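This report concerns only the one structure given below.
The values are calculated or read from the model by the stated rules, or taken from the named source; none is laboratory data. This structure is a prediction, so every number in the text was calculated from the model and none was measured. For neighbour counting, all protein chains shown are included, and Cβ atoms are generated from backbone atoms with ideal geometry for every residue, glycine included.
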Amino acid sequence: MLTDPELRAALRPFAWNQSQITDCSHLVVMLRRRSITAADADQLIAVTASRRGIDPTQLATYREMIQRDLIDGPRSQTIGTWSSNQVYIALGNLLTCAALLELDTCPIEGFSPPDFDRILGLENTPFQSSVVCACGYRSADDKYATLAKVRYEAADLIEHR
């Protein structure tokens, strides 16, 4: 979560100059993994076993599945897409929890991940920027707050069979 006004001001030009980047009280930049390694899988297994109070060997089949699928398998070639999908699951939870707390949010894909990564010092890390979410309380003079929301009709999006 980014609260530093100077850092957010540096990011704003790389988010189509959207005011939410600097105006919100909290800016969340959600990251995705560049790759999944054996060490990542081992860490997940160790943490899972510890939290569940079980021996890590009980998770051997799960560990092998991760290795075959995400590390060595075909999905390893598109791991960026897979990890971005995982981030969007977390984003959905953030949006839902914020709504329950009556906080406003604005998910933002209109930004340049390479520029955000450069400014945030992520270029030589296992992580990349995936999505940004502005969070906070709506300004009383927000001109968009009273505009009708524009959404597709459910019938245009959902097919029942």
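On the basis of being more than 21 Å from the chain's Cα centre (by Cα) and either of a type in the set (A, V, I, L, M) or surrounded by fewer than 18 Cβ atoms within 10 Å (Cβ to Cβ) (or both), does Arg52 make the cut? The answer is yes for Arg52. If the condition is being under 9 Å from the mean Cα position of the chain (by Cα) and free of Cβ contacts under 8 Å to residues at least 24 places away in the same chain, then the stretch 75-91 contributes Asn85, Ile89. Filtering the stretch 121-161 to residues that are over 19 Å from Gly80 (Cα atoms) and touching a strand residue (DSSP E or B) at 6+ places or on another chain (Cβ under 7 Å) leaves Cys133, Ala134, Cys135, Gly136, Tyr137, Arg138.
Scanning the stretch 118-129 for residues that are within 14 Å of the chain's Cα centre (by Cα) and either crowded, with 18+ Cβ neighbours inside 10 Å or among the polar types (S, T, N, Q) (or both) yields Gln128, Ser129. Residues that are polar (S, T, N, Q) and assigned to a helix (DSSP H, G or I) were ranked within the stretch 92-111; the one that is farthest from Gly136 (Cα to Cα) is Asn93. Looking at the stretch 75-85, can you tell me whether even one residue there is at pLDDT 95 or above, of a type outside the set (Phe, Trp, Tyr) and outside any helix (DSSP H, G or I)? The answer is no, given that none of the residues of the stretch 75-85 is at pLDDT 95 or above, of a type outside the set (Phe, Trp, Tyr) and outside any helix (DSSP H, G or I).
Restricting the stretch 23-36 to residues that are surrounded by 18 or more Cβ atoms within 10 Å (Cβ to Cβ) and within 16 Å of Phe111 (Cβ to Cβ), which is farthest from the chain's Cα centre (by Cα)? Applying the filter and picking the extreme gives Cys24. Note on the stretch 1-60: enclosed helices (runs of 4 or more DSSP H) holding 2 or more residues that are β-branched (Val, Ile, Thr) are 20-23, 38-52.
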